[in-house]
Structures are given as C-alpha cells and as structure tokens.
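A short reminder: the numbers here are calculations on the coordinates, not readings from a lab. Remember, predicted model here, so these are calculated numbers, not experimental data. Cβ: placed from backbone, ideal geometry, glycine included. Neighbour counts: every protein chain shown.
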Amino acid sequence: MGAAVARCLRDRGHVVLWASAGRGPATAARAAAAGLVDAGTVTEIAFRCDVIVSVCPPHAALEVAREVAGAGFGGLYLDANAISPATVREVVAIVADGGADGVDGGIIGTPPVKPGFIRLYLSGPRAGDLRQLFDGTPVDARVVDHGGLSGVVGSASAVKMAYASWTKGSAALLLAARVLARAQGVEDVLLAEWGLSQPGLEERSGRAASSAAGKGWRWVAEMEEIAATMGAAGLPEGFHQAAAEIYRRAPHDAEAGLDTVLDALAAEKAVPER
C-alpha cells in the first residue's frame, strides 16, 4: 500500500523518497517499480523532505515516529497506519517533540490505486494541507468532520478501526467457524448449509484463508489496536483479541493452501468440552 500511494504522488509530479536501510529485496522492487528515489536512511529523508507519510505494519508505527522525531524532522508528518486513536495521538505527540506537525490518517481500500479504489481519511489541525497534497491523484483524500471540527486527531483512525473491525474481524470469525465445523466432523454439512442459506460464504472463507496466510502477520497488531479502541469506547475487547489470535496462528506463507491454513488455526491444544 505504501508504494502504491507513493506512486500516486510521484505521478502527480512530486519527488518521493524512501529509505532502503533495513528493508528487503521485495520492498526494494516495489519502490523501484513505483519510481521512488532511495534516500538510504530515515535521517536523510527527514533532512530532505517537507512531508513524511508513514505506511507500515501497525506494530511499527511508534518506532517509525520515534526515528523520525530523533532525526529532527520539522515538516508535516502523516501517520496513515491502522492504529487506534490513542496510539495515533501518541504518535503525533512524539513527532511534535521533534518539531513536526502530525496528521492522523486512515486508509481504506486496496492497491493497485485507481480512482475510486482508495479513500484516505484525515484529521488534525493540518489535515487540509495533506488533502491538498493528494489533489489530482487517484487517492480520494477526505477530511473527517468531527462534530463540526476537522482538527480532532484520532477521528480518521477511528474510522479505520470501525471499518476494519468488521471487514477483517468478520473474516477471522468466518475462518474460526469453518475450523470449528471441521474439528467437529461436520464441515461438509456446514458448507452445504452455507450453500443453501448463505451463498458465497464458502468462497469468502477461502479468500479469508488466503489473506490470513499472506497478510495475517500484519493484522495481529491491527486487531489488538481495534480491541483497545473498543475497550476505550466501553465495548467488549474480546472479539478482536480473538481475531488477533486467529491471525497469529495463521501460517506466514502466501502460498499456503486452504487446508494448511485451517489446520494451522486448529493446531493449538484443544480445551475439553464442559
């Protein structure tokens, strides 16, 4: 997603840098395909750029913010990661200590980036500046109006948390339901019933298994961030703590087949029925 969004900005005429230090060949290949300029390190990016956009696995968001702040970046910092409102407020405070203005962002959609595929929700006092940066690109940047205020840091992340609580949370529940039926020896009956009353669920469960294998490692922290957001709103955290465990158990292998994924989810020692 980071490379896809960066390409949109490059195609708009902006010079877009990235830091190769500590990154693997797959990331380097995506950056090259997007036409990005390798600055080598985050420190060099902080020195050369006016705007930094952070798109990384959720568990790394705070670490990236600290690295940017430590480099003395004094420009505009957009955190567009799948983190809770509380975490993004912490991010904004960290970069502010380093001299930067922080903006909260939440991305909804999937690459490749084409018009209508991606919305970038923004909030914070300088959200409008970030929205203008994406004018004329396929990214539909929208400033979140929170009770008539657009400057509330955390509003954009709240949109992302609520949205992903259903999309990725329900995918984890669907996988758990299928594993449960398999463990009880009634998977074929469940699939037949889905075909009658819930057409499309079998196919969706297959897609969910593929996504869990390819990207589930990124979603563990995202589910935990959603759980924390739920808890802060007085709602049960357990739904998404369980979803995090589902994605934690998934094999980290994009080539894993359906049976491999379902077997991995059931691999933990079962608790005897009461």
(request) For the chain, set up a Gaussian network in which alpha carbons nearer than 10 Å are linked by springs, and say which option among Leu78, Leu191, Leu122 fluctuates the most. (result) Leu191
(request) Provide the descending list of Cα extents for segment 155-274 along its principal axes, expressed in whole angstroms. (result) 43, 36, 30
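Report the local net charge at Val92: Lys and Arg +1, Asp and Glu -1, summed over other residues whose C-beta lies under 9 Å from its C-beta.
Details: positive: Arg89; negative: Asp79, Glu90, Asp101, Asp104.
Computed value for this residue: -3.
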(message) Using the Karplus curve 6.51 cos²θ - 1.76 cosθ + 1.60 with θ = phi - 60°, what ³J(HN,Hα) values do you get for each residue of segment 201-206, in whole Hz, with x for Gly and Pro?
(response) 5, 4, 5, 5, 5, x
(request) Report, by chain and number, residues whose modeled amide H sits under 5 Å from the one on Ile118, excluding near sequence neighbours (fewer than 5 apart, same chain). (result) Asp140
(request) Straight distance only, please: which aspartates and glutamates reach the Cα of Lys168 with their own Cα at less than 17 Å, same-chain residues fewer than 8 apart left out? (result) Glu202, Glu203, Glu222, Glu224, Glu225, Glu237, Glu245
(request) Just the Kirkwood number for segment 177-223, please: inverse of mean 1/r across all distinct Cα pairs, in Å, one decimal. (result) 11.7
(request) Run through all the Cα pairs of segment 137-219 and give the fraction in each 5 Å bin from 0, expressed as whole percent. (result) 3, 12, 16, 17, 13, 11, 9, 8, 6, 4, 1
(request) Using only alpha carbon pairs under 8 Å that are at least six residues apart, calculate the relative contact order of the chain and give it in whole percent. (result) 14
(message) What's the magnitude of the charge dipole for the chain around its Cα centre, counting Lys and Arg as +1 and Asp and Glu as -1 at the beta-carbon? Answer in Debye, nearest 20.
(response) 400
(message) Please compute the volume of the convex hull spanned by the alpha-carbon atoms of the chain and report it per residue in Å³.
(response) 152
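Please report, largest first and rounded to whole Å, the three semi-axes of the ellipsoid equivalent to segment 1-149, where each semi-axis is the square root of five times an eigenvalue of the C-alpha gyration tensor. Working shown, then result.
Working: eigenvalues 89, 79, 38 Å².
Each semi-axis is √(5λ); the values are 21, 20, 14 Å.
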(request) Determine ³J(HN,Hα), in whole Hz, for all residues of segment 157-164 in sequence, where each value follows from phi through the Karplus function 6.51 cos²θ - 1.76 cosθ + 1.60 and θ = phi - 60°; x replaces Gly and Pro. (result) 5, 5, 4, 4, 5, 5, 5, 6
(request) Return the long-range amide H neighbours of Leu78 (sequence gap of 5 or more, or a different chain), with a cut-off of under 5 Å between placed amide H atoms. (result) Ile52, Val53, Ser54, Val103
(message) If I fit a long axis through the Cα atoms of helix 61-70 and take the longest principal axis of the Cα atoms of the chain, what angle between them do I get, 0 to 90°, rounded to 10?
(response) 20
(request) Of the options Gly206, Met1, Pro236, report the single residue whose Cα projects farthest towards the positive end of the charge dipole of the chain (beta-carbon charges: Lys, Arg +1; Asp, Glu -1). (result) Met1
(request) Tabulate in residue order the Karplus-calculated ³J(HN,Hα) for segment 246-251, using 6.51 cos²θ - 1.76 cosθ + 1.60 with θ = phi - 60°, rounded to whole Hz; enter x for Gly and Pro. (result) 4, 5, 5, 6, 4, x
